[in-house]
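Student: Structure in structure tokens, see below.
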Amino acid sequence: MTDLTGNTTLSGPVGRLEAILKEPDAEVTRAAIVCHPHPLFGGTMHNKVVFRIARAFQDAGFAVLRFNFRGTGRSEGSHDDGFGEQDDLRAAVQFIKDKYPTAELWLAGFSFGAAVVLRAGCGFERARALIVVGAPVSKYDFSHVGRCDKPKLFVQGELDEFGSAEDLKRLAAKLDSTNQVTIISGADHFFEGQLPALYESISTFILSVGVDATSR
């Protein structure tokens, strides 16, 4: 049976965006947005890696928003090669800001969604941290990503066919702030058989950033 709990829509720049919002039982003090992989290759907010990222946030007490980029699922509009999708992310951020005005905001993405988060996420002043999973660093150009003084976690499979560990480490070394790089041994781009390791790396990072924030 399909779990329809949390199904919603939000207003995007070219129409409605299909979304799922999962809220904790307690008051919302932290919220996360998770972006999905390339829609032209079957990527949606229901992707298993996206779901596992979202689960790590949920288990840490976050409200979690997953949404379909334009032209995906029931979202209106058409695919825009990662450009308009950055505006979709901005609309999702506004949705969270309106719903939880005082909540801490985190951004995460997988593959194509990771590229969108890395390109647009640093521009959100309110974003506390970024989680970048399976970044296609060997396929896309990230040279224009400028200053980004937010804590960032990069998680990559050792055997990722779209982003080598070496290329990822070079990118992370160029960016500002604390950049933690976790390479999961034996994992491919989709983390087949390694989703628990992905979950643990994200959970540990969430905890470490929370501890860092309280110690200031």
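Bear in mind these aren't lab numbers, they're just calculated from the coordinates by the rules spelled out. Just so we're clear, the structure is a prediction, and the values are computed from it rather than from any experiment. Ideal geometry is used to build each Cβ from the backbone, glycine not excepted, and the neighbour counts take in all protein chains shown.
Student: Name the residues in the range 192-214 that are in contact (Cβ under 8 Å) with a residue 24 or more places away in the chain and assigned to a loop (DSSP other than H, G, I, E, B), would you?
Tutor: 194
Student: Then there is this: Using the structure shown, decide if residue 84 is out of contact with any helix residue (DSSP H, G or I) (no Cβ under 9 Å at 6 or more places or on another chain) and not aliphatic (A, V, I, L, M).
Tutor: Taking the combined requirement at face value, the residue satisfies it.
Student: So, in the range 130-151, how many residues would count as being more than 13 Å from residue 111 (Cβ to Cβ) and surrounded by fewer than 24 Cβ atoms within 10 Å (Cβ to Cβ)?
Tutor: 11
Student: Of the residues 25, 80, 98, which is surrounded by fewer than 17 Cβ atoms within 10 Å (Cβ to Cβ), closer than 24 Å to residue 139 by Cα and more than 18 Å from the chain's Cα centre (by Cα)?
Tutor: 80 is the lone residue from the list that is surrounded by fewer than 17 Cβ atoms within 10 Å (Cβ to Cβ), closer than 24 Å to residue 139 by Cα and more than 18 Å from the chain's Cα centre (by Cα).
Student: On to the next question. What is the number of the single condition among (1) touching a His at 6+ places or on another chain (Cβ under 7 Å); (2) under 18 Å from residue 132 (Cβ atoms) that residue 90 does not meet?
Tutor: Looking at each condition in turn, residue 90 falls short on (1).
Student: Here is a check on your reading of the model: is residue 165 of a type in the set (A, V, I, L, M) and free of Cβ contacts under 8 Å to residues at least 24 places away in the same chain?
Tutor: Criteria met by residue 165.
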